[in-house]
Structure formats: structure tokens, C-alpha cells
Amino acid sequence: MLALGDSEVHVWFTRPERVATPALSERYQALLSPDERHRHGRFYFDHDRHHYLVAHALVRTTLSQYADVAPAAWAFRNGPHGRPEIAGPDPAAAWRFNLTHTNGMVAVAVARGVDVGVDVEGFRQRDTGIDIARRFFAPAESAHLERQPAGDRLRVFLEFWTLKEAYIKAIGKGLAAGLDSFAMQLGEPPTVVFADDSHGDPADWHFRRLHLADTHLAALAVKQPGAAPSIVIRETVPLGTEAL
């Protein structure tokens, strides 16, 4: 059983293409709840179906490294805005997790008793994101993006995007929070400025960029008053023979 302190956050990630074997897929499907199996079967494309399977296997096997609960025994519910949360079995209430997946990467963040959010995005071919920033970001963020050299704009846009997504996932409101109601500042570490006091005290929030692979950008948001939490990052193969 792994230990996880109150001031720690562990981030586990895997690359879905590394676990694309019939044997692992069969083991992963055996872990799913009936509802998860139904959702898994509704994906039209094999690629999307595989990503869903790996993501949910990663959550279950990761949580079971911290508690004496079989991976298939975890029960989940959706929060008010659809964020998955642990529903049981007891004494699971202290554990918090957040899941993210995109093409080529799946990651889960685990903490005890604090709000946590994680997001990952790949450097796939796309525009620089300026139109999205102008429409949805805080004015200071879109202005910062427009000042960047053309070759840097995609990277800076993804830095903003992953940090903002991590925050709205941590508070459990998703896009209902309003992407322009807060502004990220891309320092080291990144910080946040709120448009009003409805978000609470920005000093309670800690952000970190995560380097999971050269092909992706990722970010973590943790609400923890006081000192920043300790972050541990591990690559893994759920139920596989290697832990990287």
C-alpha cells in the first residue's frame, strides 16, 4: 500500500498505445461497472473506446494502490456539474481524484482531502488558439497571447488552456465557472487572479506545469491553504508487468 500525505499530490499517467493488447483490454473490461461497460460499448471508433477503457482502468488501479479496495470494487458518482467522485466503499471519502485524457495520454491525480484538477493536451496540428482566447479567456490572457511571437503562440495557448482546465476541474464546475472569470499568470509557479471574490482567496491555490512527455502539455491545480503541496509524477502500465 502506498502512503499519500495530506500535503502531497500524486499524478499517474500512461500512454494508451502501450497497453493496446487483447490480454490487458480483457483485464481492464473486467474492472468496469455495468454503467461503464455500457458507455464503453457506445463509442463508435475503436480508438475512443480504447482511451475510455484505459482511463477508467487507470483510475481504479491507481486508487487501489492507496486503499485496501479491489479495483473493481470502487463506486463512483457524478457531482452537481458532472465531475466523477468516489461514492464508496468506505472509508473512501477522504480520497480525491481527477482524470484527464487526450490523444496519446491518460493521467489521474490523487490527493487526500483537498480539491485537485489535472488537464493534458497534445501538440497536434491546430491554429494558435487566438480566436478561442479572444472569445472565452480573460482579457489579460488573450492580450498576453497576442504579444507572443507566432511560433510560440500554440505553446502559450496550451499553457493557459491546461491551467484553466485544471482549475475548473478542481472546483468541480467545468465550463459553468466561466473561463473569463479568472486569469492565469504564467510565472513560475503559475498563479491565478480572480475577477471577484466569489472564487475565494487566490493564495489558497497552487498550480504546476507537468512534464509528462515532449508531445504533450499538462497542468495541475490544487486548493491547499499555506505551502504548496509536494508533487510526485509516475508513469505506469495498469495491471501490466512494468511500473515505469
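The values are calculated or read from the model by the stated rules, or taken from the named source; none is laboratory data. Worth saying up front: this structure is predicted, and the values here are computed from it rather than measured. Here Cβ is always computed from backbone atoms with ideal geometry, including for glycine, and neighbour counts include all displayed protein chains.
Numbers below:
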quantity: Qualifying residue in the range 127-135 (condition: of a type in the set (Val, Ile, Thr), in the same structural domain as residue 195 (by TED's automatic domain parsing) and in contact with a strand residue (DSSP E or B) (Cβ under 8 Å, 6 or more places away or on another chain)); calculated: no
quantity: Residue in the range 60-73 that is closer than 30 Å to residue 227 by Cα, of a type in the set (Val, Ile, Thr), in contact (Cβ under 8 Å) with a residue 60 or more places away in the chain and not in a strand (DSSP E or B) present; calculated: yes
quantity: Options 200, 187: the member that is surrounded by fewer than 13 Cβ atoms within 10 Å (Cβ to Cβ) and on the phi > 0 side of the Ramachandran plot; calculated: 200
quantity: In the range 220-237, the residues that are surrounded by fewer than 17 Cβ atoms within 10 Å (Cβ to Cβ), of a type outside the set (S, T, N, Q) and over 13 Å from residue 108 (Cβ atoms); calculated: 225, 226, 227, 228, 231
quantity: Residue match in the range 164-173 (condition: surrounded by 16 or more Cβ atoms within 10 Å (Cβ to Cβ) and over 15 Å from the mean Cα position of the chain (by Cα)); calculated: no
quantity: Total residues in the range 203-219, condition loosely packed, with under 13 Cβ neighbours inside 10 Å, under 28 Å from residue 106 (Cβ atoms) and without any contact (Cβ under 8 Å) to a residue 24 or more places away in the chain; calculated: 2
quantity: Candidate set from the range 1-51 (those that are in a loop (DSSP other than H, G, I, E, B) and in contact with a strand residue (DSSP E or B) (Cβ under 7 Å, 6 or more places away or on another chain)); member that is farthest from residue 67 (Cα to Cα); calculated: 15
quantity: Residue count, the range 121-153 (criterion: crowded, with 19+ Cβ neighbours inside 10 Å and of a type in the set (A, V, I, L, M, F, W, C)); calculated: 4
quantity: Strands (runs of 3 or more DSSP E) (entirely within the range 86-200) containing at least 3 residues that are aliphatic (A, V, I, L, M), closer than 30 Å to residue 70 by Cα and touching a helix residue (DSSP H, G or I) at 6+ places or on another chain (Cβ under 8 Å); calculated: 105-112, 115-122
quantity: Residues being touching a Leu at 6+ places or on another chain (Cβ under 9 Å) and more than 29 Å from residue 209 (Cβ to Cβ) - total across the range 1-35; calculated: 7
quantity: Any hit, the range 73-96, residues being of a type in the set (S, T, N, Q) and closer than 24 Å to residue 233 by Cβ; calculated: no
